[in-house]
Ligand code: MF3
Ligand code: CO
């Protein structure tokens, strides 16, 4: 899972680096598919089934008020001031690496910048609670508190999850809840924490394509995700890109500046 996490994170990094105004989300998805081929890994999104629907893209690309599970489209052209969530979820040697980041396309307003920052912070605030013998509710509560203290809205329709040979395993990891409740973490468990945050209302609705979730308030939405391994002292982030240093260093850098 370390290997799969590293591949997922490196692809996410490289994909985010090439996003420019004027590109379509299909262009980005095709680049993602090519990178997966080069890495010798498979998309865990493409072909994903929900009921009788099959997800068509290599990656999930969600623009502005699209919350999650956006599909790469040739007619969806990115413009300066948009935000784009890039969700890269792959399978390598039979195990999953799943991570996501929301990036500005060019310059965005200070309030949207704050949305991105607070959502990313809430991921690290939650992560630092994913410890041996703590409970799922400890993560959920910490994520929710950070987001709501900053005046944003936590989405409750989608949750984080256990992960391993399949993408979505037990336990579910909501981004809202009560500390000290829920299943207990154990050293060695692999989980995905993935806060999804709206600016005003937590309400979402489904687009006609049956996959894309939209923010009902019509405002930009943010999503950050890591795959990690529960441990005693601190969790080990598995979705760390090549060249980013050790998991320890990465955690330190990301957590500094966030009051936990
Ligand atoms: N990171 C997303 C998740 O955990 C990946 C979804 S793949 C899709 O749900 F096929 F459902 F879009
Ligand atoms: Co996930």
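Coordinate-derived values only; no laboratory data. If you're wondering where the values come from, they're calculated on a predicted model, not measured in any experiment. Here the Cβ positions follow ideal geometry from the backbone for every residue, glycine too, while neighbour counts run over all protein chains shown.
Observations on the structure shown:
- Residue ID - farthest from residue 115 (Cα to Cα), chosen from residues in the range 42-64 that are crowded, with 20+ Cβ neighbours inside 10 Å and more than 16 Å from ligand 2 (Cβ to nearest atom): 63
- Checking every residue in the range 137-160 against the condition of being under 17 Å from residue 238 (Cβ atoms), in contact with a strand residue (DSSP E or B) (Cβ under 9 Å, 6 or more places away or on another chain) and either more than 16 Å from ligand 1 (Cβ to nearest atom) or in a loop (DSSP other than H, G, I, E, B) (or both) gives zero matches.
- From the list 66, 92, the one residue that fits, being over 17 Å from the mean Cα position of the chain (by Cα) and touching a residue at least 40 places away in the same chain (Cβ under 8 Å), is 92.
- Which listed residue is within 15 Å of ligand 1 (Cβ to nearest atom), in contact with a strand residue (DSSP E or B) (Cβ under 8 Å, 6 or more places away or on another chain) and part of a helix (DSSP H, G or I), from 11, 71, 96, 90: 11
- Filter pass, residue 7 being surrounded by 22 or more Cβ atoms within 10 Å (Cβ to Cβ), within 20 Å of residue 192 (Cα to Cα) and touching a helix residue (DSSP H, G or I) at 6+ places or on another chain (Cβ under 6 Å): yes
- Qualifying residue in the range 223-234 (condition: within 26 Å of residue 114 (Cβ to Cβ), assigned to a loop (DSSP other than H, G, I, E, B) and in contact (Cβ under 8 Å) with a residue 40 or more places away in the chain): yes
- Subset of the range 175-189 (residues that are within 16 Å of ligand 2 (Cβ to nearest atom) and buried (at least 22 other Cβ atoms within 10 Å of the Cβ)): 175
- Breaking point among (1) under 17 Å from residue 100 (Cα atoms); (2) free of Cβ contacts under 8 Å to residues at least 12 places away in the same chain, for residue 208: (1)
- Checking residue 104 against (1) closer than 25 Å to residue 18 by Cβ; (2) touching a residue at least 40 places away in the same chain (Cβ under 8 Å), the condition it does not meet: (2)
- The range 14-47, residues that are touching a strand residue (DSSP E or B) at 6+ places or on another chain (Cβ under 8 Å) and in a helix (DSSP H, G or I): 15, 16, 25, 28, 29, 32, 33, 36, 39
- Unmet criterion (only one of (1) part of a loop (DSSP other than H, G, I, E, B); (2) under 28 Å from residue 217 (Cβ atoms); (3) more than 16 Å from ligand 1 (Cβ to nearest atom)) for residue 175: (3)
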